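Q: Here it is, the structure, as structure tokens.
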Amino acid sequence: MLYQFRQVIHPRIPQLAMVGYAEGISNIFASEMKSMWLVHFLDGNIGLPSIREMEKDVKLWEDNMKQYGGRYYWKSCIANCCIWYQDQLCKDMKHNPRRKKSLFAELFEPYSLADYVGLTRN
């Protein structure tokens with residue numbers, strides 16, 4: 001399995017981006033978020049950290065997948081931490097990762113597609 005920074009760009013080959021939903025149809029939203037992130041990157045709104053920092057982030061993601069995915073971690077999807085992942089992408093795109101209107105909603109209501117409306121560029 002090839003691990004990439006934000007699951008889009010390889011740290012050592014930043015000119016190559018890969019976006020797809022090979023895991024299944026349930027990850028279409030994650031692929032859409034990756035595509036929005038890539039558009040922001042290509043527009044110059046997102047700067048990449050150093051190669052060392054990107055590799056550290058990739059290693060953190062890989063360790064997380066191994067810990068929560070078990071021995072078949074390469075087949076596991078990002079559902080176990082998709083909110084954290086979406087928050088990271090929102091932060092990179094300079095959007096508030098807290099998408100709910102109140103603290104109570106933030107803590108107890110599930111996130112849905114409606115919470116991410118308005119992330120596209122104007």
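The values are calculated or read from the model by the stated rules, or taken from the named source; none is laboratory data. Keep in mind the model is a prediction, meaning the values are calculated, not measured. Neighbour counts run over all protein chains shown; Cβ positions are idealised from the backbone, glycine included. Accessible surface is based on the protein model in full, side chains and every heavy atom, while ligands, DNA and RNA are left aside. Shrake-Rupley method; radii C 1.70, N 1.55, O 1.52, S 1.80 Å.
Q: Within segment 36-70, restricting attention to residues that are of a type in the set (Val, Ile, Thr) and under 13 Å from Ala17 (Cβ atoms), which residue is least open to solvent (accessible area, probe 1.4 Å)?
A: Checking each candidate, the answer is Ile46.
Q: Do the conditions hold for Phe104, that is, is it at pLDDT 85 or above, open to solvent by 80 Å² or more (accessible area, probe 1.4 Å) and not in a loop (DSSP other than H, G, I, E, B)?
A: yes
Here is a yes/no grid of residues against (1) of a type in the set (S, T, N, Q); (2) modelled with pLDDT of 85 or more:
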site	(1), (2)
Ile9	no, yes
Arg12	no, yes
Ser35	yes, yes
Gly47	no, yes
Glu62	no, no
Ser76	yes, no
Cys90	no, yes
Lys94	no, yes
